[in-house]
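Worksheet for the structure shown next.
The values are calculated or read from the model by the stated rules, or taken from the named source; none is laboratory data. The shown structure was predicted, so the numbers you read here are calculated from the model rather than taken from an experiment. All Cβ positions, even for glycine, are placed from backbone atoms using ideal geometry, and neighbour counts span all protein chains on display. In case anyone asks, the SASA skips ligands and DNA or RNA and just uses the protein heavy atoms, side chains included. Shrake-Rupley method; radii C 1.70, N 1.55, O 1.52, S 1.80 Å.
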Amino acid sequence: MTGQGMTRFAIRGRLLWFDADPETDARARRFIEDGALLVENGRIAAVGEAADVLAGATGLRIVDHRPHLVTPGFIDPHIHVPQTQVVASYGTQLLDWLNRYTFVEEQRFADPEHCARNARFFLDELIRNGTTTALAYGSVHPQSVEAYFVEAEKRGARMLGGKAMMDRNAPEALRDTAERGYRETKDLIQRWHGRGRIGCAITPRFAITSTEAQLEACGALAAEHPDCHVQTHMNENRSEIETVLSLFPDAKDYLAVYERFGLVSDNTVLGHCIHMSESQWARMGAANAVPAFCPTSNLFLGSGLFDRRAAREAGLRVALATDIGGGTSYSMLATAAEAYKVLQMNGQGLSPLAALYAMTRGNAVALGLDDRIGSFFVGAECDAVALDSRATPAMARRMERAGTLEEEVFALIMLGDDRAVVETYVMGEASKSALA
Ligand SMILES: [Zn+2]
């Protein structure tokens, strides 16, 4: 499945993508009812009206997805590779959930065979859901990330991730040390970062499970590798925040812990950011760091309601993510549906086009990858999904009364999931239909 031999073909469908943020630029939305992407060696060589793109292309292989929508592939900027068998664990909030379920499950990733089997499932499931890029956490074991990168490379997928670093407040079997966490992360970076479409992230799990020495080592890694993302969690749950402030009594708030160690930059993705002060929003804005809004996780763990308006008023790029396995769906469609509901509870709302933007170009911008993915333009890597707005009887029934593109997209988000994903293209390769 590496794309060799497939050098040139076209994808025809109802093309929908964004050149900019539809909430700030009314012309950002691009829609072509009968459009085509010309794909050459995995990249978009032309995009436009099918009549123009396909003119004179005799003998060209054309995959016709009409009447389905074709959008850029979905991007999931916060997800945990080792939590595929933790998802849907009953009855707890964050700290109990970690101790009772997650820290037990993640110990199984000491076994490279388990890592390999899990990584295969993980990549399959992302592709099944139309997700073509993720920024993911491994377990503390570097082999969990190694297996994930091996699977991503096999499929030619643009995937990012890092091994979780934890040197306290976790079971012995899940603890590294400041020195070992540094060395194992450095080793992954040296072997994998920038190899094909793979990217490495510096990944302290969160302030509770890292000593000052470990956060200092993370800061050193971030300084040595400024092109690597930093990902961690922040301000998710009130007990978590209390614990952090007791562990770091000199810090004025949670963000200050990460700031002190040089971990807050425009390449930093901070999961959750629910219980925020004005000062923390302002400082994140000044650093141009990215909050990851994970609505199904925030609802499932009872963590709270994300304040998207405050984040945007601070000038932030807001990422939208599943956070499997605190989150409950791999589908970015379902995730956007829950985002809409969370924002309804906050009196904010989320327009259908803003939601679709968020899971495509918006997340690409949040990850600094919009020069390569998240949109349709000449030279872009051809990660795309074909979406069936009538995938289920309930969706087909609803669509009979959908008069506009916005209504269609909203119904697709509210009612859709992996069943609506007809095909997933990874670097121009039809990858969902190739799953076993
Ligand atoms: Zn998470």
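Which condition breaks for Ala286 when tested against (1) touching a residue at least 12 places away in the same chain (Cβ under 8 Å); (2) more than 16 Å from the ligand (Cβ to nearest atom); (3) surrounded by fewer than 24 Cβ atoms within 10 Å (Cβ to Cβ)?
Only one criterion in (1) touching a residue at least 12 places away in the same chain (Cβ under 8 Å); (2) more than 16 Å from the ligand (Cβ to nearest atom); (3) surrounded by fewer than 24 Cβ atoms within 10 Å (Cβ to Cβ) is unmet by Ala286, namely (1).
Scanning segment 174-185 for residues that are among the hydroxyl-bearing types (Ser, Thr, Tyr) and open to solvent by 20 Å² or more (accessible area, probe 1.4 Å), which turns out farthest from Glu381 (Cα to Cα)?
Of segment 174-185, the ones among the hydroxyl-bearing types (Ser, Thr, Tyr) are 177, 182, 185.
Applying the additional criterion that residues be open to solvent by 20 Å² or more (accessible area, probe 1.4 Å) yields 177, 182.
Values: Thr177: 38, Tyr182: 32 Å.
Per the criteria, the residue is Thr177.
So, in segment 83-105, how many residues would count as being of a type outside the set (Val, Ile, Thr) and in contact with a strand residue (DSSP E or B) (Cβ under 8 Å, 6 or more places away or on another chain)? Step through it out loud before you land on a result.
At the first step, the residues of segment 83-105 found to be of a type outside the set (Val, Ile, Thr) are 83, 85, 88-91, 93-101, 103, 105.
After this cut, where a residue has to be in contact with a strand residue (DSSP E or B) (Cβ under 8 Å, 6 or more places away or on another chain) as well, the list is 83.
Final tally of qualifying residues: 1.
When segment 36-54 is examined, which residues are found to be open to solvent by 40 Å² or more (accessible area, probe 1.4 Å) and under 15 Å from Arg66 (Cα atoms)?
Of everything in segment 36-54, those that are open to solvent by 40 Å² or more (accessible area, probe 1.4 Å) and under 15 Å from Arg66 (Cα atoms) turn out to be Glu49, Ala51.
Does Ser303 count as at pLDDT 95 or above, within 14 Å of the ligand (Cβ to nearest atom), polar (S, T, N, Q) and assigned to a helix (DSSP H, G or I)?
No: the conditions fail for Ser303.
Sort out for me the helices (runs of 4 or more DSSP H) sitting completely within segment 186-280 that have 1 or more residues that are of a type in the set (Gly, Ala, Ser) and under 20 Å from Ala310 (Cβ atoms).
254-260
Could you tell me which numbered condition Gly325 fails, if it satisfies all but one of (1) among the small types (Gly, Ala, Ser); (2) within 16 Å of the ligand (Cβ to nearest atom); (3) open to solvent by 10 Å² or more (accessible area, probe 1.4 Å)?
Checking Gly325 against (1) among the small types (Gly, Ala, Ser); (2) within 16 Å of the ligand (Cβ to nearest atom); (3) open to solvent by 10 Å² or more (accessible area, probe 1.4 Å), the one that fails is (3).
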